[in-house]
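I have placed the structure first, in the form of structure tokens, so that the comments after it can refer back to it.
The values are calculated or read from the model by the stated rules, or taken from the named source; none is laboratory data. Everything numeric in this text was worked out from a predicted model, so none of it was measured. Cβ placement follows ideal geometry from the backbone for every residue including glycine, while neighbour counts extend to all protein chains displayed.
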Amino acid sequence: MKTNSKYLGLVTKKFNNFFLVDLKNQENLGNSEKFLCKVRKSINFKDQLIYVGDEVVINNIDLKNKRAIITSLKKRKNLLVRPSVANISNIYVTFSVKEPELNLSQVNRFLISAESMGVEVSLVLTKCDLISDKRRSFLLDKFGKWGYQAITLNLKKSDYFNNLLAELQQKECSIFMGPSGVGKTTLLNMIIPGLQNSTAPVSNKIKRGKNTTRNVELFSISNQSYLVDTPGFNMQSLEVDIKLLPHLYPEIYKQVIDEGIRCKFRNCLHLNDEGCNLNKSFERYSFYKEMIESSKTHYYQNQED
């Protein structure tokens, strides 16, 4: 049985010239939710490629063999470059508190990289069963001052994990981002029953794990909620416009928005700028200064080239 009706779908997997597409409005198609699709040859997407996470329109649907044709590509909200995933709504920056040891400078760079995507950013701390409750409270307080209500995971307390799962099921499309060895694959295996990605132990020599995931794929975890299973998603290359950096630090933009802090110049970078009224006593200001100076150096080097 075939139908020529058009349906909106979500690309959940890509391999060779084929795409696995979940339908977003399949009420009239019974349980035929997933279709193996090819792109109509006559369609020109203006040299755009189709990525996992893209919304597409399909027709020529073969209900028996679950095949269809992609006829158009919807405008995407964002695109991660490596791995290539479109339309992310939430990034969960994930770090372990032990094994490997927490590196605050690295946490900062991951958070800024995530914030530069313009999506909702959360911080997840794994392996909290390896630290004391006092240390956990200390970290919660620290990251709270950074502007993040950290989610702590303890394998001995299932309610911590259940709270995270309930939150993920309210989001549109989430992805875990973090260095190797912090437990991202273990988390995915817990959230997506039957996934069973292989995990690798943390190297005693270099104190970090090995990437074990290989294919980018979206998995449905509730009605209209998806989670990305991705190969070793560490960190985007961090090349942020120097003028945008103040907007990526909650400690800065909350002063401007919530407290109404106004500097003399609108494009103030909050260093030694004339008329700067920013309260610079927050912990991450040293990281911020370092990033501004690094961005300035990179900018001037490009100008000379």
So which residues in the stretch 66-112 are touching a helix residue (DSSP H, G or I) at 6+ places or on another chain (Cβ under 9 Å), hydroxyl-bearing (Ser, Thr, Tyr) and either without any contact (Cβ under 8 Å) to a residue 60 or more places away in the chain or surrounded by 16 or more Cβ atoms within 10 Å (Cβ to Cβ) (or both)? Tyr92, Thr94, Ser96
Options Glu290, Glu304: the member that is at pLDDT below 85 and either over 28 Å from the mean Cα position of the chain (by Cα) or more than 30 Å from Glu55 (Cβ to Cβ) (or both): Glu304
Note down all Cβ pairs under 6 Å where the first residue falls in the stretch 135-152 and is not assigned by TED's automatic domain parsing to the domain that holds Arg284, the second is part of a strand (DSSP E or B), and they're at least six residues apart or on different chains. Arg136/Thr152; Phe143/Leu123; Tyr148/Leu123; Ala150/Leu123; Ala150/Leu125; Ile151/Val124; Thr152/Leu125
Within the stretch 134-167, the residues that are within 13 Å of Phe95 (Cβ to Cβ), not aliphatic (A, V, I, L, M) and not in a helix (DSSP H, G or I) are Tyr148, Thr152
Give, as residue ranges, the strands (runs of 3 or more DSSP E) completely inside the stretch 1-56 that count at least 3 residues that are under 19 Å from Glu172 (Cα atoms) and modelled with pLDDT of 80 or more. 7-15, 18-23
Does Leu111 meet the test of being of a type in the set (A, V, I, L, M, F, W, C), in the same structural domain as Ser180 (by TED's automatic domain parsing) and either part of a loop (DSSP other than H, G, I, E, B) or more than 16 Å from the chain's Cα centre (by Cα) (or both)? no
Suppose the filter is more than 26 Å from Thr152 (Cα to Cα) and not hydrophobic (A, V, I, L, M, F, W, C); does Arg82 pass it? yes
For a quick check of your reading of the model, give me the residue pairs whose first member lies in the stretch 268-291 and is closer than 21 Å to Arg109 by Cα, whose second is among the basic types (Lys, Arg) and part of a loop (DSSP other than H, G, I, E, B), with beta-carbon atoms closer than 8 Å and at least 6 apart or on different chains. Leu269/Lys243; His270/Lys280
Subset of the stretch 114-133 that is of a type outside the set (Gly, Ala, Ser) and part of a strand (DSSP E or B) - its residue that is farthest from Ser281 (Cα to Cα): Thr126
Subset tally (residues that are loosely packed, with under 10 Cβ neighbours inside 10 Å and either hydroxyl-bearing (Ser, Thr, Tyr) or in contact (Cβ under 8 Å) with a residue 12 or more places away in the chain (or both)) for the stretch 254-267: 1
